[in-house]
Each structure stands twice: as structure tokens, then as C-alpha cells.
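Notes for the one structure printed next.
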């Protein structure tokens, strides 16, 4: 496996703590559908699912190939695939016992007999899903495909990361109205991380919830959830250490200038590995619990760090993200993005080691 000169460590205990924090907020008998899409938000699809399988009820993935990989790794729990089935992928759902998402009526004609599916209603996200004015057509066509089994119905909130946003109520009311047009026995779910943590007063948990980023230690939106713990640490090493004089510039564009004499080090991890160039000179790394400024433009394969007057030997371990360094939330704030993007950018070829 290509390691790209760095290693990602994932703390199983923190993943399990986050599941506990989620479940603490659930009503009785509400199931947990763990969202492990996109390589488990960068943490590693298979290893994450293996650790979570004993403590959750379902897995949710973005693409059918992720579901196939989970089955090939002997994951037994039900798996919901969010993407729309295509002619090329339709047979995989029945072959690997994956639950398809019905996003429009035409999908019924693609699926192989024996396939289970759930209906995704678009109540305001305007992404995938059956529109309200298409519901009657879907209901009428479902009966024409007795070889398929509908097991559930769901929707996705667009603004649940914003506590108190009226759009959540609007979507929920529409969903409840549309829900009456389907079999009352169908499994029902709406709540993502934001809805779980920010909207405890609303009746939106139904039969199950779909936590995503909260599994990995982050809240949705700006509000910090104190009992969630980031599970990831990303470490590299100092490849070369050089003296630098006050006033000398560093890296492409020579945009960062040393404020004092000291030492500058090259870390062999740049934007090809997932340290976004937009974070240049905005973040800090950590050595032995002391934080040091990342200095200069982050390049494809390297980022530089200003060690002040401390001279470390080449090969010294340095923590880029998590642990005693900054969290993905801090990086996200510096890059004007969200923690999800930070962790999913970490190159999938970098080795993930789970600390159990």
C-alpha cells in the first residue's frame, strides 16, 4: 500500500463514544443507521464498519460499489445505498442484498426481482428524490412490480445544521403529509446529524436516524457538541531541517517570511495527500505536544513548518491533524469549509491504522 509518507490513526474508543453520544439523544427503540459513505468520511470504510457493526443497526453508503465492498468484507447488517440505481448497477442490489433508493418511478423497471428498496422523497433538498407532485405516480407504479419489496421511506433535511431554522419544520410537515400516501408499516427516517443534535423538540426521529459526521466526532454547523470526540490523527515526519534567518522567504511565491532566526522543516505531505493548498500559512502542526506554524505555500508533495529556535532531527514524528495538533474543525474554519471536506480529502492510499 502506498503510504504517501504519512499515516492516519483512528481511535476506536472515540468512534464508540460518539455512537454513545448519539444514542443518548434518541427516543426508545429508534435504530441507528451509520453513514459510512466516502470511505467513512475518510476514516476507512471497511475498518470503520467492522468496529461499528456491533453497536449500530444499519449502514448507509453513497454508491453501490461501497455496499459491495462491505458485503465482500462480510458485513451482515442491512445496507442502504443513497445513489440512484442505473442499468449497469441495478442487478448488484439483489445479488449483494443491498437496499436501493427509489428516486423516481422509472427505477422500478430497472431493479431485479428480489430487490428491496426505500423511497427517497425530495421535500426541499432539491438533490435526489421523488418530488411531491410525482408521489401519486410512484404509488400507482409500485403495485405493478410485485417482485420488488419496499421496506422504507425517507427524506433529507437541507438546513438541519442551523438550530431553529424554520425550513426544517417546513420539510418535516411536507414529509409527514406525503408519508400518509404510503403503507404505514414502512420504516421511516429523516434525521441526519444536525437534526439529531439540534432539533430534539421536533418529532423527527421516527423509526431510525442517519448520523454521519457525528460518528467521527464533529457536529453539523457551527455549534460545538462537547461530548463528541474527533477520532482521527494524521501523522508524518520531518524529512529535512534547515536553519533559516529572519527575513528569509519560504516556498512557492515566497509569501511567508521568517519573523526570527530559527529552523524550517520540510514535511513530505502536501495537497496531493489532502492538506489543502488553501490552508497555506493558516494552520499549525504539533511535535511533542507543542504546536508550530505551517509556513509558506503548501505544495503538491510538501508542506513546511517553522520550528522557531527548536532544532529537531530529521525523522521526528509530527502530527498534522488531530491529537495535540489542530482538529478538522479548526482546519475547516481556516479554510472556510466544513470538517467533512477536511477528512474526506485525505488520500485513500494513505494507510489507516485503527487503535483498539
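For the stretch 17-31, the set of residues classified as buried (at least 17 other Cβ atoms within 10 Å of the Cβ) and either under 15 Å from residue 328 (Cβ atoms) or out of contact with any strand residue (DSSP E or B) (no Cβ under 8 Å at 6 or more places or on another chain) (or both) consists of 18, 21, 25, listed by residue number.
Quick check on the stretch 107-115. Is at least one of its residues in the same structural domain as residue 170 (by TED's automatic domain parsing), free of Cβ contacts under 8 Å to residues at least 12 places away in the same chain and not in a strand (DSSP E or B)? Within the stretch 107-115 (the criterion being in the same structural domain as residue 170 (by TED's automatic domain parsing), free of Cβ contacts under 8 Å to residues at least 12 places away in the same chain and not in a strand (DSSP E or B)), the answer is no, since none of the residues qualifies. If you go through the stretch 203-236 and pick out every residue that is modelled with pLDDT under 95 and not in a loop (DSSP other than H, G, I, E, B), you end up with 0. When we screen 276, 281 for residues that are touching a residue at least 24 places away in the same chain (Cβ under 8 Å), touching a helix residue (DSSP H, G or I) at 6+ places or on another chain (Cβ under 8 Å) and either under 28 Å from residue 344 (Cα atoms) or not assigned by TED's automatic domain parsing to the domain that holds residue 297 (or both), the only hit is 276.
Restricting the stretch 32-47 to residues that are out of contact with any strand residue (DSSP E or B) (no Cβ under 6 Å at 6 or more places or on another chain) and part of a helix (DSSP H, G or I) leaves a set whose member that is surrounded by the most Cβ atoms within 10 Å (Cβ to Cβ) is 40. Looking only at the stretch 181-202, residues that are part of a strand (DSSP E or B) and surrounded by fewer than 23 Cβ atoms within 10 Å (Cβ to Cβ) come to 2 in all. Within the bounds of the stretch 208-216, is there any residue that is free of Cβ contacts under 8 Å to residues at least 60 places away in the same chain and more than 19 Å from residue 27 (Cβ to Cβ)? Taking every residue of the stretch 208-216 in turn, none turns out to be free of Cβ contacts under 8 Å to residues at least 60 places away in the same chain and more than 19 Å from residue 27 (Cβ to Cβ). Could you please let me know if residue 172 is over 25 Å from residue 38 (Cβ atoms) and crowded, with 22+ Cβ neighbours inside 10 Å? Taking the combined requirement at face value, the residue satisfies it. Determine whether the stretch 38-51 contains at least one residue that is within 23 Å of residue 187 (Cα to Cα) and outside the structural domain of residue 269 (by TED's automatic domain parsing). Yes: one or more hits.
Taken as a whole, the stretch 165-180 holds no residue that is modelled with pLDDT of 95 or more, under 19 Å from residue 110 (Cα atoms) and part of a loop (DSSP other than H, G, I, E, B). For the stretch 80-100, filtered to residues that are assigned to a strand (DSSP E or B) and in contact (Cβ under 8 Å) with a residue 24 or more places away in the chain, the residue that is nearest to residue 110 (Cα to Cα) is 99. Picking from residues in the stretch 48-79 that are more than 14 Å from the chain's Cα centre (by Cα), in contact (Cβ under 8 Å) with a residue 60 or more places away in the chain and surrounded by 18 or more Cβ atoms within 10 Å (Cβ to Cβ), the one that is farthest from residue 209 (Cα to Cα) is 51.
Looking only at the stretch 225-249, residues that are free of Cβ contacts under 8 Å to residues at least 24 places away in the same chain and farther than 21 Å from residue 314 by Cβ come to 3 in all. Of 342, 318, all but one fail to be surrounded by 21 or more Cβ atoms within 10 Å (Cβ to Cβ), modelled with pLDDT of 95 or more and part of a strand (DSSP E or B); the exception is 318. Tallying residues that are touching a strand residue (DSSP E or B) at 6+ places or on another chain (Cβ under 6 Å) and either farther than 21 Å from residue 191 by Cβ or in a helix (DSSP H, G or I) (or both) within the stretch 116-141 yields 2.
The values are calculated or read from the model by the stated rules, or taken from the named source; none is laboratory data. Model, not experiment: these values are computed from the prediction. Cβ atoms come from the backbone with ideal geometry, glycine included; neighbour counts cover every protein chain shown.
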